[in-house]
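A short reminder: the numbers here are calculations on the coordinates, not readings from a lab. These numbers were taken from a predicted model, which means no experiment stands behind them. Here the Cβ positions follow ideal geometry from the backbone for every residue, glycine too, while neighbour counts run over all protein chains shown.
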Amino acid sequence: MANTLNTPRLPDHPRGILIDLAGVLHTGDAPLAGAQAALMRLREAGIPLRFLTNTTRTPRATIVHKLHKMGLGVGEDEVITAVHATRKYVQMHGLHPYWLVHPSIESELPAPTGMQPDAVVVGDAGPYFSSGSMNAAFRHLVRGVPLIAMARNRYFEEPDGLSIDMGAYVVALEYAAGVQATIIGKPSPAFFDAALADLGIDAADAIMVGDDLRDDILGAQASGIAGVLVRTGKYRSGDEATEEGSPSLIADDFASAVEAILAHLEFPMAGVMQSASGNAVNASTVLARV
Ligand SMILES: [Mg+2]
């Protein structure tokens, strides 16, 4: 039986919505059906948005540029990435890490200091994960320096199928060196808290929409944020309820999630929004409460 004790209720009047990117708004370079129009509806409803991504292979400016090319209007200052959060963490702790990351994000990292590394930071190095780079990281770890992981995701969806994510490499380092990584991106509570602080709102007034039950939904819910799981991207049958918990709401896709979120709004703006779109909102057809 799934644990529903920690499943927050969807707020009737959300003051901010946190949205995962890959698997929710797009797959690869293609927007998911209805995602552009649904995003527009949230904009029209005047709800502040933040986009939370554990993608650590691509600089933020490139992510935003790609979204624009797909017709998804997202501002760079609305995107909170695990790379930026990691940079902040490293600076706050005055660390000089060994970076096991993809070269494409080097421009977003602090300049190399030439000092003996006092931490290992792992991002999604993709093809740059090799026995050589992993062993270099391992040798720093056995000296006793901390392991910091930008994320620990299991897999993600690409246009030709699911692909292994960086989590397996993090676990390999943890296993070999006998250490436990500090995770910076989702599902770290600090990552969600940073998004709430950026919006200036409380967890009870926020909603997280994502396709990853563990990292998006249960992570947000652990911080008191209602989670809406979409059945797109990496979603697989059976994700609705696990031993670890259940989403506040399940929707077929982002458009259905937005439909359900806006259906909860009772103030006049919702009526204006509905007449502008020409669609009657009927939440019962698009969502399943669990
Ligand atoms: Mg995703």
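Seen from all sides and averaged, what is the projected area of the convex hull of the Cα atoms in the chain, in nm²? Numbers along the way, then the final one.
Details: hull surface 61.4 nm².
With the hull built on Cα positions only, its mean projection is 15.3 nm².
Between Asn135 and His264, the distance separating the two model label sites (each 7 Å from Cα on the Cα→Cβ line) works out to 5.2 nm.
Compactness ratio for segment 95-183: Cα radius of gyration over 2.2 N^0.38 Å (N = residue count) comes to 1.07.
With θ set to phi - 60°, apply the Karplus curve 6.51 cos²θ - 1.76 cosθ + 1.60 along segment 217-222 and write out the HN-Hα couplings as whole Hz, x wherever there is a Gly or Pro. 3J(HN,Hα) across segment 217-222, in whole Hz: 7, 5, x, 5, 5, 5.
Remark on Gly227: its backbone amide H falls under 5 Å from those of Met208, Ser248, Leu249, a criterion applied only to residues 5 or more positions apart or on other chains, H modelled at 1.01 Å from N.
Counting other Cβ atoms within 10 Å, keep those with at most 13, restrict to DSSP loop, and tell me which trypsin sites (Lys or Arg not before Pro) in segment 106-193 are left. Intermediate results must be reported in sequence, preceding the final value.
On the way: sites: Arg139, Arg143, Arg152, Arg154; in loops: Arg143, Arg152, Arg154.
Those satisfying the criteria are Arg143.
Subtracting the Cα-Cα distance of Glu76 and Tyr155 from 0.36 nm times their residue separation leaves 25.9 nm of extension gain. Report, for the chain, the % of DSSP beta bridges that are antiparallel, rounded to 5. The answer is about 25 percent antiparallel. Annotation: extensible slack from Asp202 through Arg9 equals 68.1 nm (criterion: 0.36 nm per residue apart, minus Cα-Cα distance). If R0 is taken as 41 Å, the Cβ-Cβ distance between Thr62 and Met92 corresponds to a FRET efficiency of 0.95. Around the amide H of Val101, modelled in the peptide plane, lie the amide H atoms of Gly123, all under 5 Å away and 5 or more residues distant in sequence or on another chain.
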